[in-house]
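*Asks:* First, the structure itself, so that you have it in front of you.
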Amino acid sequence: MKKALFMASIGFLSAGRAIELMPAVVIAQPPIVAQQPVRDNSIPIRTSQPPQIQIINLGAEPRQQMRLKPALNVKQTTLMTLKMGMKISAGGQSTQEIKVPTSVVTMETEATKIDANGDIHYQFSYTKADVTSDSTNAPPSALESMRSAIKKLVGLKGSFIMDSRGFSKGGDFIVPEGADNNFKQIIRQMSQSIEQLSVQLPAEAVGKGAKWRLDFPLNSNGINVNNIATYELMSFQEGVAVLNIGLEQQAKPQSVNSPQLPAGSNINLQSLASQGRGESTIRLDKLMPVRSAVSMNSNSEMSVKSAGSPQESTIKTQLTMEITLDSQ
């Protein structure tokens, strides 16, 4: 049982790393970095140096600048669905397949003010969150534990500012009353990754066929990962853009230090490679994409020595993930 739990913790460590990359390519906000909270239920944020956009191709004429200008005081409701599966093998033993329950989260966003320079003030909140038991081999107790954990997102909200290209300029996350320190720490970790991964629009005017990419390092769950996100503008008419998305992750061999791992364990990453693809439809008068769908495959290998054991084993993890967003 202990070995199974340890392997599961390794698997979810890999899953958490990939999850941090996925939302950023389908959700353009909230891009934030958390500081220490000033109030018990507030996590103020600061901006950090954004990743640089590298233009690969400006695309065909005619070209236009892409700038966000959402309608004010109009709530946008977005349904996010996350499906994930993992296969884990240890020490050459048979592969253990973990079917993770599907997560379904409802978010609301609303732009409240646009400054003369184009900066957008907006509010963000999670209104619903749950997991479904379809195609899962998790026992009922584990399913209820996951449901309880994800429901803690409900009530999480905040007020933020970003410019018309999607770059963050600060704000506050307000966590639900009674949230424990573990939940607050998770929110800080999420916000740190989203800041570096938020989708940003190029400064230049672009046309059909335009391509740009973001290269950015990220420390995710104790693993230093280099991320590449590439975007291709398939169409752009009357303020509606369709983007093809490509994702890559690479990590060099390194020791892993994460609070999610069992105490006393010694873990070294041997290899990590991820690839993903998807499509996103955005409207420049909306904060969230109209529709996004992205899938990702990730493979990693780690050498592991658990606490009190002289033996070292190799754990291989295969992760598949699909995430979709639909907005009204």
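The values are calculated or read from the model by the stated rules, or taken from the named source; none is laboratory data. No experiment lies behind these values; they were computed from the predicted model shown. Cβ sites come from the backbone with ideal geometry, for glycine too, and all protein chains shown count toward neighbours. Accessible surface is based on the protein model in full, side chains and every heavy atom, while ligands, DNA and RNA are left aside. Shrake-Rupley method; radii C 1.70, N 1.55, O 1.52, S 1.80 Å.
*Asks:* Can you check what the net charge comes to around Thr320, using other residues whose Cβ is under 9 Å from the Cβ of Thr320 (Lys, Arg +1; Asp, Glu -1)?
*Replies:* Within the 9 Å Cβ shell, the charges total +1.
*Asks:* Could you give me the ³J(HN,Hα) list for the range 119-127, computed from phi with Karplus coefficients 6.51, -1.76, 1.60 and θ = phi - 60°, whole Hz, x at Gly and Pro?
*Replies:* 4, 10, 9, 8, 10, 9, 7, 9, 9
*Asks:* Could you tell me which of rounded, prolate or oblate describes the range 117-172, using a ≥ b ≥ c as the square roots of the eigenvalues of the alpha-carbon gyration tensor, with rounded for a/c under 1.5 and, failing that, prolate when a/b is larger than b/c and oblate otherwise?
*Replies:* prolate
*Asks:* Suppose all protein chains stay in the model; what accessible area per residue would a 1.4 Å probe give for the range 71-124, in Å²?
*Replies:* Value for the range 71-124: 46 Å² per residue.
*Asks:* Which net charge results when you count Lys and Arg as +1 and Asp and Glu as -1 among the other residues whose beta-carbon is under 15 Å from that of Thr230?
*Replies:* Combined, the nearby Lys, Arg, Asp and Glu give -1.
*Asks:* Which cross-chain or sequence-distant (5 or more) residues have an amide H under 5 Å from the amide H of Phe173, H modelled 1.01 Å from N in plane?
*Replies:* Residues meeting the criterion, in which the H sits 1.01 Å from N, are Ile43, Ile45.
*Asks:* Turning to a different aspect of this structure: Quick check: at a probe of 1.4 Å, how many percent of the accessible area of the range 93-172 sits on carbon and sulfur atoms?
*Replies:* Values: 1870 of 3820 Å².
Heavy-atom surface of the range 93-172 belonging to carbon and sulfur, 1.4 Å probe: 49 percent.
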